[in-house]
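The values are calculated or read from the model by the stated rules, or taken from the named source; none is laboratory data. Note that the structure is a prediction, hence the values are computed from the model and not measured. Backbone-built Cβ (ideal geometry, glycine too); neighbour counts: all protein chains shown.
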Amino acid sequence: MAGKIVIFDTTLRDGEQAPGASLSEQEKLEIAGQLVRLGVDVIEAGFPISSPGDFNSVQRIARKVKGATICGLARSLTKDIDAAAAALKPAARQRIHVFLATSKVHMQFKLKKAESEILKIAREAVVYARNFTDDIQFSPEDASRTEPEFLFRVLETVIRAGATTVNIPDTVGYAQPDEFGALIKAITENVPNINKAVIAVHCHNDLGLAVANSLAAIKNGARQVECTINGIGERAGNAAMEEIVLSLLTRKDSFPRITTGIKTKEIYKTSRLVSKLTGFVVAPNKSVVGANAFRHESGIHQDGVLKKRQTYEIIRPEDVGVQAEGMVLGKHSGRHALTERLKRLGFQLSSAQMDKAFKRFKELADKKKEVFEEDLMAIVEEQIKGLPQIWSLDGFEFCGGSSVVPSATVSLKKKNRAYRATSFGDGPVDACYKAIEKVTKLKASLSDYTIQAITSGKDALGEVGLKLMIKKQEISGRAASTDIIEASVKAYLNAVNRYLLQTENRKQVSL
Ligand code: KIV
Ligand code: ZN
């Protein structure tokens, strides 16, 4: 076994298909930039025909993001391929990803087409796409439930038509690792021209096997894996990139001479960015990037790790960008120390951004004895690189307790004008939200609300993630503060601002 695995990241396409994960163009651009720093080979930036917003974000990424191949998805239809080609045109390296379902159930009930028609459509789509670029990927959708003999014929046909990557999707997450590995092996043995294309796999996690199936595929000849950061994606999600990469690295004995271009030290930062922008909180026990992934609670384990790290740790936290030392700065630390620490965390701030970060750091250090690297990351992500503030928080007061009806007064600012409203509620958070609704005149219902401590200790920053339903659109928001009511209010405003910006962008869009 040997070779470099092409890392194809589909966080911005399949990942964004996860219900409630919608990202603005600016946010997609930010994630794409970070994916390049992480070292991915291909970024699937979106599905250009699916909406004007998707078209524009693929085009912006194609224009601005250098250092990876930019890919756009298309059904096997000329109008889809035209849209993908147009959106990708500015990219230095571009790939069109064409797909068509090949399993009996999809052909019969969804497409209502016979095998011969499918072969013809697939061939013509690839030939057409080759007019725009030489880098064409074809996916027989639901490949793992496709009759193998038919799958082999489809692959042979599309490779003859000019496909340079053939991707084998386990679209519904049905496959088992042994059979999926055997399918990849059978493809290498039964598709006569397979040496002219790279075999890719795209595994979903409906049975929790997406990563295991991807690894089984690599063992049997796949040389591209499609994955997402934190494993987000349709339904139960896609294969998590960080898990695949860390398996390949940690178990080199199982994957001899297999490499990737991923800079693992960027993993944690990328995970946090995707979590923050999608509003999907990472479970504390999530492999590689969860808050507990490197924490040892039991005394026996702590003792073991102190004596020899390898007793209970198979991954070094610093290798994935989680700093080993806990406390970093305090209220006596100066601007230089903060600048140096932020540099080490990979943040290059302008001097104006540094002013803001330092001010926020001092405020936090006054409230908290120990400022951890996670706190610093939260400051930079939220305060510095945050969304433009259409509505910003000017102040709030609340009154509550077991014998009073909770009430809150919230003051907001928009274009330097102050607005204020008071409301009752079921609790202080609810009262604040009702007061905000009065000020912004934007009706929203709360469909999800979570709160977690970013670091340990009673004075830890509390991070609130929430989802609002506004005019039938689910929109996420997130904010952190040592005061959880303030974090709740700011997270709500973050969602409102995100909604307003998206609505504004949609008005400006043209295909
Ligand atoms: O899951 C799937 O089959 C897909 C294809 C478009 C590759 O996402
Ligand atoms: Zn998929």
Any chance segment 40-52 includes a residue that's without any contact (Cβ under 8 Å) to a residue 24 or more places away in the chain and within 27 Å of GLU474 (Cβ to Cβ)? yes
What tally of residues in segment 157-187 results from selecting those that are within 16 Å of GLU147 (Cα to Cα) and assigned to a helix (DSSP H, G or I)? 10
Quick test of your reading of the structure: ARG95 fulfils all but one of (1) touching an Asp or Glu at 6+ places or on another chain (Cβ under 9 Å); (2) part of a loop (DSSP other than H, G, I, E, B). Name the failing condition by number. (2)
What tally of residues in segment 40-68 results from selecting those that are away from ligand 1 (no atom under 16 Å from the Cβ) and crowded, with 17+ Cβ neighbours inside 10 Å? 12
Residue set LYS89, LYS104, LYS110; condition within 16 Å of ligand 2 (Cβ to nearest atom), surrounded by fewer than 15 Cβ atoms within 10 Å (Cβ to Cβ) and without any contact (Cβ under 8 Å) to a residue 60 or more places away in the chain; output residue LYS110
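Quick check on this structure: which one of PHE372, PHE396 is touching a residue at least 40 places away in the same chain (Cβ under 8 Å), of a type outside the set (Ser, Thr, Tyr) and in contact with a Cys (Cβ under 7 Å, 6 or more places away or on another chain)?
Details: PHE372 fails: in contact with a Cys (Cβ under 7 Å, 6 or more places away or on another chain).
Only one candidate passes the filter, namely PHE396.
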What single numbered condition from (1) within 18 Å of ILE475 (Cβ to Cβ); (2) buried (at least 22 other Cβ atoms within 10 Å of the Cβ); (3) within 16 Å of ligand 2 (Cβ to nearest atom) fails to hold for ALA18? (2)
Tell me which residues, restricted to segment 307-328, are farther than 16 Å from ALA291 by Cβ, at pLDDT below 80 and not charged (D, E, K, R). MET327, VAL328
Taking only pairs six or more apart or across chains, which ones have beta-carbon atoms under 9 Å, a first residue in segment 169-182 that is closer than 21 Å to PHE138 by Cβ, and a second residue that is of a type in the set (Phe, Trp, Tyr) and more than 16 Å from ligand 2 (Cβ to nearest atom)? none
The correct count of residues that are part of a loop (DSSP other than H, G, I, E, B), in contact (Cβ under 8 Å) with a residue 60 or more places away in the chain and among the aliphatic types (A, V, I, L, M) in segment 1-39 is 6
VAL198 fails exactly one of (1) under 30 Å from PRO90 (Cα atoms); (2) without any contact (Cβ under 8 Å) to a residue 60 or more places away in the chain, namely (2)
Which condition breaks for TYR128 when tested against (1) surrounded by 21 or more Cβ atoms within 10 Å (Cβ to Cβ); (2) in a helix (DSSP H, G or I); (3) within 16 Å of ligand 1 (Cβ to nearest atom)? (3)
Going by the conditions given, is SER116 of a type in the set (Gly, Ala, Ser), assigned by TED's automatic domain parsing to the domain that holds GLU44 and within 16 Å of ligand 2 (Cβ to nearest atom)? no
Members of segment 53-79 that are touching a residue at least 40 places away in the same chain (Cβ under 8 Å), of a type in the set (Gly, Ala, Ser) and within 15 Å of ASP14 (Cβ to Cβ): SER57, ALA74
Every listed condition ((1) surrounded by fewer than 20 Cβ atoms within 10 Å (Cβ to Cβ); (2) over 21 Å from the mean Cα position of the chain (by Cα)) holds for GLN137 save (1)
